[in-house]
Amino acid sequence: MKRDMPTPCASFWQYRVAFRFFPKLFDARTFADSVIKDKNRAADAINAIAPSRNTAHKAGAVKLNGWHVAGVDRFALRSTMSSLQPTSEKPAVFGSQNVFGALLMGLTMLCFVSNDAVMKLMFQSVSVEQGIFVRGLLAVPLIVIIAYLRKNLFVRLDRRDWLIVIVRSGAELAATVTFLTALAHMPLANVTAILQALPLTVTMFVAVFFGEPVGWRRWSAILIGFVGVLIVIRPGTDGFNDYAVLAVVCVGFVTIRDAITRRLNTRVPSLFVALLSAIPICLYGGVMTSVTGWSSMTPLMWLLFLVTAFAIIGGYLFSVMAMRNGEISFVAPFRYTGMIWAILFGVLLFDDWPDSMTLLGSFIVIGMGIYAFHRERVRKAKPVSVPPRV
């Protein structure tokens, strides 16, 4: 005889444990009544994941509101169900959320540019390879601790996600090496200004290789933004050097990294992906340091490298929080506040005052990036006709 599941008053975690070990006895309707209190949302979740999985041998049949769904992946269902918490009756205040998200994005760029400024300062005493190694030596354990506390340390990926993570890690490694090498030999504001073209290059990449729709207005913004980059690096002039080319190459690698990350399954934790990217970077720094040689470091230098580790992890965490508060089209343009921090740190730490051409190119790139965000917001706001469900 079929055993009954716990009573509707059972806790959320009791149901998770019961579903893990007794998937064929799991009654999703009882779960919805006792935890989610919204049967329609639970039905939509199961209906969305059931057709894409052929795992009836894992989960058997799941009963929902009087009908059965076969072939549901219990791991996918558990993850989806756990995220479907009862919605609050209090209406969202988008204005305050947007402001909070914008502040978080500003903190994100402050952390990232602080990391860049301190790393550039350290490159006056150590090699780029040693700097990469020491920062990784301090940052990787911190990421492991945070991932463990958030239960993101042990994750099962399918073959497609592993391939994406491996390619992404390679692009991250190449981007780190080219960026920090350029940073060691160029003004901080100039390198940061070149990197401001990233939203435009990512838009171009996904349009060409992934077939995402991009209108003529955004194509125009991309082309004008590239003109701004050329104004910053000024090829053919006395201020142009090979390190400016490295900064542009870095933009290419970061574009690949960000574009293929969009193809990663949303269930893969970002912390886990960040850890798999940080480990090979640290290993590269260690191997190359053994070749180039180790420079002695003072306690103050170790402390500053620890600051860079906390800064880069803080930037990552703040960026995730920023994208989860407010509208992305409102929050994302505040990433350009990094240019302000770059100019400020460049003046205070290195006495590097950006010239008029660098400022002009930066304004062009930033303006075109904001316009591209605006056009994306307009495109998504257009009503889309949906055929009636039969």
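Where a number appears in this text, it was derived from the coordinates with a stated rule and is not lab data. Note that the structure is a prediction, hence the values are computed from the model and not measured. Positions of Cβ are backbone-derived with ideal geometry, glycine not excepted, and every protein chain shown enters the neighbour counts.
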Run through region 194-248 and list the chymotrypsin sites (Phe, Trp or Tyr not before Pro) located in a DSSP loop whose Cβ has at most 15 other Cβ atoms within 10 Å. Phe210, Phe240
Once normalised by the length of region 94-380, the mean sequence separation of its alpha carbon contacts under 8 Å that are 6 or more apart gives a contact order in percent of 46
Within region 180-215, whose backbone N sits under 13 Å from a point 7 Å along Cα→Cβ of Asp355? 187, 190
Charge dipole of region 94-380 about the Cα centre (unit charges at C-beta), most positive-ward option of Val167, Thr178, Pro269: Pro269
What is the spin-label model distance, in nm, from Thr266 to Leu348 if the labels are put 7 Å beyond Cα along the C-beta direction? 3.9
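Could you work out Rg/(2.2 N^0.38 Å) for region 183-325, with Rg from alpha carbons only? The partial results should precede the final answer.
Values: Rg = 18.3 Å, N = 143, 2.2 N^0.38 = 14.5 Å.
That works out to 1.26 for region 183-325.
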Can you pull the semi-axes for region 258-345, root of five times each eigenvalue of the Cα gyration tensor, sorted largest first, whole Å? 30, 20, 12
With a sphere of radius 12 Å drawn around the Cβ of Ala182, what net charge do the other residues whose Cβ falls strictly inside it have (Lys, Arg +1; Asp, Glu -1)? -1
List Leu317, Leu195 from most exposed to least, where exposure is judged by having the fewest other Cβ atoms within 10 Å. Leu317, Leu195
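Please give the net charge around Thr108, taking every other residue with its beta carbon less than 15 angstrom from that of Thr108, where Lys and Arg add +1 and Asp and Glu add -1.
0
Given a Förster distance of 51 angstrom, what is the FRET efficiency for Thr298 paired with Arg377, based on the Cβ-Cβ distance and rounded to 0.05? Display every interim value, and only then the final one.
Details: r = 49 Å, r/R0 = 0.96.
For Thr298 and Arg377, the calculated efficiency is 0.55.
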With the crude spin-label approximation of a point 7 Å out along Cα→Cβ, what separation in nm comes out for Phe209 versus Ile370? 3.0
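Could you sort the peptides 129-137, 330-338, 157-165 by per-residue average Cβ neighbour count (10 Å cutoff), highest mean leading? Kindly include the intermediate steps, with their values, before the conclusion.
Details: 129-137: 23.4, 330-338: 21.1, 157-165: 13.9.
Listed from highest to lowest mean packing, they are 129-137, 330-338, 157-165.
DSSP loop (so not H, G, I, E, B), at most 16 other Cβ within 10 Å: list which trypsin sites (Lys or Arg not before Pro) in region 183-288 pass both filters. Write down the numbers at each step before the final one.
Numbers: sites: Arg217, Arg218, Arg257, Arg262, Arg263, Arg267; in loops: Arg262, Arg263, Arg267.
Those that pass, being in a loop and sparsely packed, are Arg262, Arg263, Arg267.
Let me check I've understood the local charge: for Pro280, count other residues with C-beta under 12 angstrom from its C-beta, Lys and Arg +1, Asp and Glu -1. What total comes out? Please list the in-between numbers first.
Details: positive: Arg168; negative: Glu172.
For residues surrounding Pro280, the net value is 0.
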Just to be sure I understand the model, the point goes 7 Å from the Cα along the line to the Cβ. What's the resulting Ser220 to Val245 distance in nm? 3.4
Alpha carbons only, please: Rg and Dmax for region 204-258, in angstrom. 13.4, 40
For region 154-176 and region 210-264, compute the distance between their C-alpha centroids and round to whole Å. 22
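Return the loop-located chymotrypsin sites (Phe, Trp or Tyr not before Pro) in region 246-323 (DSSP other than H, G, I, E, B) with at most 16 other Cβ atoms within 10 Å of their own Cβ; answer none if there are none.
Details: sites: Phe253, Phe272, Tyr284, Trp294, Trp302, Phe305, Phe310, Tyr316, Phe318; in loops: Trp294.
Filter output for region 246-323: Trp294.
When each pair of different Cα atoms in region 94-380 is counted once in the 1/r mean, what is the Kirkwood radius in angstroms, to one decimal? Before the final figure, lay out the partial values.
Numbers: mean 1/r = 0.0509 Å⁻¹.
Every distinct Cα pair counted, the radius reaches 19.6 Å.
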Rounded, prolate or oblate: which fits region 115-231, taking a ≥ b ≥ c as square roots of the Cα gyration tensor eigenvalues, rounded meaning a/c under 1.5, else prolate when a/b beats b/c? oblate
